[in-house]
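S.K.: Below is one structure. I have some questions about it.
None of the figures in this text is laboratory data; all of them are computed from the coordinates on show. All values derive from a computational prediction rather than experimental measurement. Neighbour counts are summed over all protein chains in view; Cβ atoms, including those assigned to glycine, are modelled from backbone coordinates with ideal geometry.
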Amino acid sequence: MRSIESFALATLLSASVALAGCGQAPAASQGGAANETVANETVENETTENETAPQKLVGGWQVFEDTTPACTDEEKAVFDEAVGTLDGVGYELVRVLGTQVVSGRNYAFLARGTTVTAEPVTTWYVVVAYQDLDGNVSLTSVQPIDLAEPKVTSETSSANIVGGWELLPPSNAVLEPQEVGEAFGKAAESYADVTLYPIATLGSQVVSGTNYLVLCEGEPATEEARMQLYLGTLYVDLQGNAQLNDVRGFDLLSYIG
């Protein structure tokens, strides 16, 4: 097995958006525990201060880097221990998207990662970690979110996640900057299909006006509806008018499977 460090280096040389490599173990399915032996080697974690400007992505999208983290000290401790073995990317926890109770617990974290390179690149990631009943933590997977081509379902398809995973309700429904939050609130009022609760602004795209890619939890306007994850594109024109477009289910299972 290649070491995490060599995998990360190879990835950084072959792609503009880097994924910190790791030997992967599948997340536990319902009734089974995740594999705790993700990597046999322990490497020092390199940290980075995210002081650089957001990097442009394909399609003109830029990673939005001004989201206030919303997580508990316990969740942060699990996350820090999980990514502490990785080298080449510095990770910042934003929030927990969901959990799965097994023999212990699986966590799906939303995080930003910035490469430790001469020209740092920042990318959103879904980081999955497993904590056993004794409190030991292991890393399961790290998957980047491509803002130009995120993994989504169609608008009419179910975005429910299965296998015992439960979404955490949004602990802060305030988008940053303030004008984005205000525009989203106005636009969401006229969106009748789903009641949306914003989690984070993932990116922005300058057009004739600006598009904002917003990750949300939402409650469909159907019987026996349960909370689901969605990606919506918020368009704000040059006069400040806002419209919510292209709301689709965020396919979390594609990032944690």
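S.K.: I need Asp251, Asp73, Asp246 ordered by Cβ neighbour count within 10 Å, fewest first.
M.R.: Ascending number of Cβ neighbours within 10 Å: Asp73, Asp246, Asp251.
S.K.: Below 14 angstrom from the Cβ of Leu252, what's the summed charge of the other residues (Lys, Arg +1; Asp, Glu -1)? Each step should come with its number before you reach the end.
M.R.: Working: positive: Arg95, Lys151, Arg226, Arg248; negative: Glu166, Glu217, Asp251.
Computed value for this residue: +1.
S.K.: Under unit Cβ charges (Lys, Arg +1; Asp, Glu -1), what dipole magnitude, rounded to 20 debye, does region 205-257 have relative to its Cα centre?
M.R.: 180 debye
S.K.: Output the direction-averaged projected area (hull surface divided by four) of the convex hull of the alpha-carbon atoms of region 165-256, in nm².
M.R.: 6.3 nm²
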